Every structure is written in C-alpha cells, then in structure tokens.
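Read the structure below first, then the notes.
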Amino acid sequence: MELLFDTLLKGNSLGCIMVMEEEKGKQPMFAFRGFTKDGTDTFSLNPGENLGKEHFLVIDGQQRLQAFYLGLLGNINGKLLFFNLTSDCEKFEFDFKFASEKSKLPKVQTLENSNKRRNYWYSVPELFKQLRNTNDVYGTCENIVEKLGIEKSSIKRMFDMNIKRFFLNTIDTCAIGLSIVRVTQSSNNDDTCALLMLTC
C-alpha cells in the first residue's frame, strides 16, 4: 500500500476500475460488501434485498480503491499513513509509511553521500483533508511550515514540492480510468453474468 502511494505521486498510470451500475429499488446481481474504514473485515450484504439507492459495485480494482481509501481517509488496524515531506521529489522517491504514532517513524535518513537529513512525517488523511477543503496548495504549505516551525529555506522548498506533487496526483489529476457496465432491467441475469466474466 505504501508503494501504491509512491506510484501515485510518480504520476504512473494506476489502470482502470470497472464498476457495475445497479439501480435503486432493484435487487443487486451479486452479494456485495462496503469498503472497510479501518482494515477490519466487512460482511457481504444479502443480494436478495432491494437497493435503497443507486450503487456502483466494483468488479475490478477493489484492492487499489481499498488501499487509497485506507490511506487517504482511514487507517489500517489503528495505523495512519504518513508522508515524509522531505522525500526526494527531484529523484521521484516518495516515502510513505503506516504507523500507530508519528514518533515511531524514522527521524533521519542517510543520503547517498552519507549525509543525514531529518524526516518530517505528516498524516496523509490530514494533508488530504486540508487540500480537499481549501483547494489551496500554497496556503496549506504555509500552514504546515508554520505549524512545524520550519525556518530553513531548503526544507521549505522540499515541503512545497512534495505538497504540490501530492495535490496534483490525489486531487487535481485523474489517475484512474473508470469503466461502467450498465445492466438493463430486461437483461437476463445468466447472460449478464456470462458477459461480466468475459469482460473481466
């Protein structure tokens, strides 16, 4: 999951997500379950009950979406995802780590020339929330710099580059394609199941 976020910030394609659109008031074709908010198991819901609202059931891409959901909005077994704001953005090396407490994360990193650089870990859900709510990269960066008491210009520049990159690839740019399979009321369930198997 940490590597998936590194891939996201590198701007690499994360492929296509395939969903099946199910109508409100109809019975879903398959049993389904919601995404977990904290890594605990969720139970499948009975497909025999009519849907209270329109649903998009994920056919392909569940693991990727679940990983993004846990990293951006939730936690996994009590551990939050943290982003090192002094990651080497110029070399496209982005550090993400899950931890129950920020204090348990590595405080320094050794560089290629044996010099050491301090790590500044920041909660991904908090960063995502700030950027999503304000849509203001510069203001968010200034707030974080002030909150952490950063004075060194080279560290401020790293913060700025990494926060911009995070904003660009989690909020501003479409990183995943979406393919929707629509099932009409007149469709035969057996034919639709066969079609879905061929599609996947």
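The values are calculated or read from the model by the stated rules, or taken from the named source; none is laboratory data. These figures come from a predicted structure and were not determined experimentally. Cβ sites come from the backbone with ideal geometry, for glycine too, and all protein chains shown count toward neighbours.
When you check Ile76 against the structure, is it in contact with a helix residue (DSSP H, G or I) (Cβ under 7 Å, 6 or more places away or on another chain), of a type in the set (Val, Ile, Thr) and more than 18 Å from Leu178 (Cα to Cα), yes or no? Considered against the rule, which asks whether it is in contact with a helix residue (DSSP H, G or I) (Cβ under 7 Å, 6 or more places away or on another chain), of a type in the set (Val, Ile, Thr) and more than 18 Å from Leu178 (Cα to Cα), Ile76 comes out as yes.
Is it the case that some residue within the stretch 78-94 is farther than 30 Å from Lys156 by Cβ and either touching a Lys or Arg at 6+ places or on another chain (Cβ under 7 Å) or not hydroxyl-bearing (Ser, Thr, Tyr) (or both)? Checked the stretch 78-94: at least one residue is farther than 30 Å from Lys156 by Cβ and either touching a Lys or Arg at 6+ places or on another chain (Cβ under 7 Å) or not hydroxyl-bearing (Ser, Thr, Tyr) (or both). Close contacts from the stretch 1-14, counting a first residue that is over 14 Å from Phe92 (Cα atoms) and a second that is part of a helix (DSSP H, G or I), with Cβ to Cβ under 8 Å and a gap of 6+ residues or different chains, come to Met1/Ala67; Met1/Leu70; Met1/Gly71; Leu14/Leu4; Leu14/Thr7; Leu14/Leu8; Leu14/Arg64. Counting the residues of the stretch 50-61 that are assigned to a loop (DSSP other than H, G, I, E, B) and farther than 30 Å from Phe96 by Cα gives 5.
Which one is surrounded by the most Cβ atoms within 10 Å (Cβ to Cβ) among residues in the stretch 1-49 that are part of a loop (DSSP other than H, G, I, E, B) and of a type in the set (Asp, Glu)? Top of the filtered list is Glu23. For the stretch 141-178, the set of residues classified as under 16 Å from the mean Cα position of the chain (by Cα) and β-branched (Val, Ile, Thr) consists of Ile163, Thr170, Ile171, Thr173, Ile176, listed by residue number.
For Phe43, indicate whether it is hydrophobic (A, V, I, L, M, F, W, C), free of Cβ contacts under 8 Å to residues at least 24 places away in the same chain and farther than 27 Å from Ala175 by Cα.
Yes, satisfied.
Note on the stretch 67-124: no enclosed strands (runs of 3 or more DSSP E) hold 3 or more residues that are modelled with pLDDT of 90 or more, touching a strand residue (DSSP E or B) at 6+ places or on another chain (Cβ under 8 Å) and surrounded by fewer than 16 Cβ atoms within 10 Å (Cβ to Cβ). When restricted to residues that are more than 25 Å from the chain's Cα centre (by Cα) and of a type in the set (Gly, Ala, Ser), the stretch 1-33 contains 1. Here Met161 fulfils each of the conditions (1) at pLDDT 95 or above; (2) outside any helix (DSSP H, G or I) apart from (2).
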